[in-house]
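Structure first, then comments.
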Amino acid sequence: MIRAAIVGIGRWGRTLVNSVQGKSSAIRFTAGHTRTRASAEAFCAERGITLRDDLDAILTDPAIDAVVFTTPHSQHAAQVERAASAGKHVLMEKPFTLDVESAEAALGAAARAGIVLGVAYPRRFHPAMIELKARVQDGRLGILTHCESAQTAPAGLFMSSEYWRSDPQEAPAGAMTATGVHNLDAMIYLFGSIDEVYCTNLRRLMPRLEEFRFAPAPEAPPTGRHAAPLPEIIEYSGFNALTAELEGFAAAIKGERSYPITPEEIIHGVAVFEAIVRSAALHQPVKVVRR
């Protein structure tokens, strides 16, 4: 069993812990660190997690195999580099980093250390997404000319203006930063690289952040009519994508299978994210820089 530490034990960190703790034979959280220790003591005690005073105490512990980070976005790159230098495998929450330069440095550190580096896009593990990918690849969906994705969430209704997720420095793409990037990664997974983006934003609720809308620039559709088949419904009841994500990370550490997001996809996702931020600021389409 992979022995993991959780760094950042707020709402999302606790959600990840609860998805596997005492339920999975592949991975278990044994240690943790958070900036507000008192707020996490009861939670960790109930789940058999030993709280550590700082990240160094986790990185120097030979009994810890991997670290899962649910921390402010601007800290990600440095945390990956520190964990890699300590030989710890890393699962980093999305977005991986906020800019390509720091993403390249983090990926380089992971490659030199030979660690498994995963980015937390759990939809990649969902059987519905895997089935859709298979149908895209084998042509069962025909000639693809357009894709559309929408996502809404009520978090902005309850998020304090002082919360770090409300900080424009941590969320330069507004709601696209931590939520919309799921949709962005799904597009990369299903259809490949993105050449150009156009992003518009509106400030409607949160005092410091905008709601974002972006669109990859599509190629011209082919001419002619295509008959649409009848809708097909496939249900996957009871599937937990977070459990699958963490167990997939553990399987990659044990060499059983590769983590399904490649370094090339990670860096491309960050490059597209950067282009989205620029497009929103310029109010015009922006080309994605190829790395």
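The values are calculated or read from the model by the stated rules, or taken from the named source; none is laboratory data. Remember, it's a predicted structure, so these values are computed and weren't measured experimentally. Neighbour counts run over all protein chains shown; Cβ positions are idealised from the backbone, glycine included. Side chains are part of the model used for accessible areas, which takes the heavy atoms of the whole protein and leaves out ligands, DNA and RNA. Shrake-Rupley method; radii C 1.70, N 1.55, O 1.52, S 1.80 Å.
At 222 nm, what helix-only mean residue ellipticity would the chain give, in deg cm²/dmol to the nearest 500, using -39500 (n - 2.57) for each DSSP H run of four or more?
-11500 deg cm²/dmol
Could you please put 126, 268 in sequence from largest to smallest accessible area, using a 1.4 Å probe?
Result of the area sort, largest leading: 126, 268.
Per residue Cα convex hull volume for the chain, in cubic angstrom?
Measuring per residue, one finds 150 Å³ for the Cα hull of the chain.
Using a 1.4 Å probe on the protein heavy atoms only, what accessible surface does residue 234 show? Give it in Å² to the nearest 10.
In the full protein context, residue 234 sits at about 80 Å².
So with the 1.4 Å probe, I'd like the accessible area per residue for the chain, rounded to whole Å².
Per residue, the chain has an accessible area of 52 Å².
If you average the sequence gap of Cα pairs under 8 Å that are 6 or more apart and divide by the length of the chain, what percent do you get for the contact order?
19 percent
Ranked from the most accessible area to the least, with a 1.4 Å probe and all protein chains present, what is the order of 179, 60, 152?
152, 60, 179
Using the charge dipole of region 109-178 (Lys, Arg: +1 at Cβ; Asp, Glu: -1 at Cβ; taken about the Cα centre), state which of 128, 149, 169 has its Cα farthest towards the positive end.
About the Cα centre, the residue reaching furthest to the positive side is 128.
Leaving ligands, DNA and RNA out of it, work out the accessible area of residue 163 with a 1.4 Å probe and give it in Å² to the nearest 10.
Looks like 90 Å² after rounding.
Seen from all sides and averaged, what is the projected area of the convex hull of the Cα atoms in region 94-198, in nm²?
9.1 nm²
Could you work out how far helix 241-253 tilts from the main Cα principal axis of the chain, as a 0 to 90 degree angle to the nearest 10?
Helix 241-253 sits roughly 70 degrees off the main axis of the chain.
Can you tell me what share of the DSSP beta bridges in the chain is antiparallel? A percent to the nearest 5 is fine.
30 percent
Which of the lysines could a cross-linker bridge to residue 88, judged by Cα under 26 Å and excluding same-chain residues fewer than eight apart?
Straight-line reach from residue 88, under 26 Å: 23, 254.
Output the 0 to 90 degree angle, nearest 10, between the alpha-carbon long axis of helix 76-85 and the longest principal axis computed from the alpha carbons of the chain.
Approximately 50 degrees, to the nearest ten.
Relative to the Cα centre, what is the charge dipole magnitude of the chain, using +1 at the beta carbon of each Lys and Arg, -1 at the beta carbon of each Asp and Glu, and rounding to the nearest 20 debye?
Charge dipole, the chain, about its Cα centre: 280 debye, nearest 20.
Positive end of the dipole of the chain, charges at C-beta (+1 Lys, Arg; -1 Asp, Glu), about the Cα centre: which of 8, 181, 24 has its Cα farthest in that direction?
My answer, from the dipole projection, is 24.
Please compute the net charge surrounding residue 267, taking Lys and Arg as +1 and Asp and Glu as -1 over other residues with Cβ under 9 Å from its Cβ.
Counting the neighbours of residue 267, the net charge comes to -2.
Could you identify which residue out of 127, 172, 95 has the top mean-square fluctuation in a GNM of the chain using Cα springs shorter than 10 Å?
127
Heavy atoms only, probe 1.4 Å: what % of the accessible area of region 44-131 goes to carbon and sulfur, would you let me know?
50 percent
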